1. Can you work out the Karplus-derived ³J(HN,Hα) for every residue in the stretch 51-66? Use 6.51 cos²θ - 1.76 cosθ + 1.60 with θ = phi - 60°, whole Hz, and x for glycine or proline.
2. Excluding residue 9 itself, calculate the net charge of residues whose Cβ lies under 14 Å from the Cβ of residue 9, where each Lys or Arg counts +1 and each Asp or Glu counts -1.
3. What's the ranking of 79-89, 47-57 by average number of surrounding C-beta atoms within 10 Å, highest first?
4. In Å², and per residue, what accessible area does the chain have when probed at 1.4 Å with the other protein chains present?
5. Sorted by average packing, counted as other Cβ atoms within 10 angstrom per residue and highest first, what order do 92-105, 13-26 take?
6. What is the spin-label model distance, in nm, from residue 116 to residue 73 if the labels are put 7 Å beyond Cα along the C-beta direction?
7. Could you work out what % of the accessible surface of the chain is carbon and sulfur, using a 1.4 angstrom probe and leaving DNA, RNA and ligands out of the count?
8. Using Cα atoms only, what is the angle between the long axis of helix 74-86 and the major principal axis of the chain, expressed in degrees (0 to 90) to the nearest 10?
Amino acid sequence: MSLDRIELRGLRARGRHGCLPAERELGQEFVVDVALGLDTRPAAEGDDLSRTVDYGSLASRLVAVVEGEPVNLIETLADRLAKICLEDPNVAEADVTVHKPAAPVPHPFTDVAVRIRRSRP
């Protein structure tokens, strides 16, 4: 069976993630995209929010992680965000992309991002 997708793109929050002292002190904006794989038919058939993902609530939980405890790597941050997505029993898989548009790269660039996919065991 193919999974349906719910996507939340461009979620912005300020965090203090990174390996450099300045990143920890000053913080910077991170942008998060999530794509959730689930079966939305039960929710649609019953017009029932409890049988799908409340993306407003999910956004608040994701922002809390970005604004919370700093980590060195955006890979670690992406993994933490994926775990939040998979806490919802309706979600079978989560694709998470963490963008770090102000990454300390000494050359002109548009974006640095890490994308991961996690699923239920």
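The values are calculated or read from the model by the stated rules, or taken from the named source; none is laboratory data. These numbers were taken from a predicted model, which means no experiment stands behind them. So basically every Cβ, Gly included, is an ideal-geometry build from the backbone, and we count neighbours across all protein chains shown. In case anyone asks, the SASA skips ligands and DNA or RNA and just uses the protein heavy atoms, side chains included. Shrake-Rupley method; radii C 1.70, N 1.55, O 1.52, S 1.80 Å.
1. In residue order, the calculated couplings are 9, 9, 9, 7, 5, x, 5, 4, 4, 5, 5, 5, 4, 4, 5, 4 Hz.
2. Summing Lys/Arg as +1 and Asp/Glu as -1 gives -1.
3. Details: 79-89: 16.7, 47-57: 12.6.
Packing proxy ranking, top to bottom: 79-89, 47-57.
4. Working: 7050 Å² over 121 residues.
It amounts to 58 Å² per residue over the chain.
5. Details: 92-105: 18.1, 13-26: 14.6.
Ranking, from highest mean packing down: 92-105, 13-26.
6. With each label placed 7 Å out from Cα toward Cβ, I get 0.9 nm.
7. On the way: 3670 of 7050 Å².
The C+S portion of the solvent-accessible surface of the chain is 52 percent.
8. For 74-86 against the chain, the angle is about 20 degrees.
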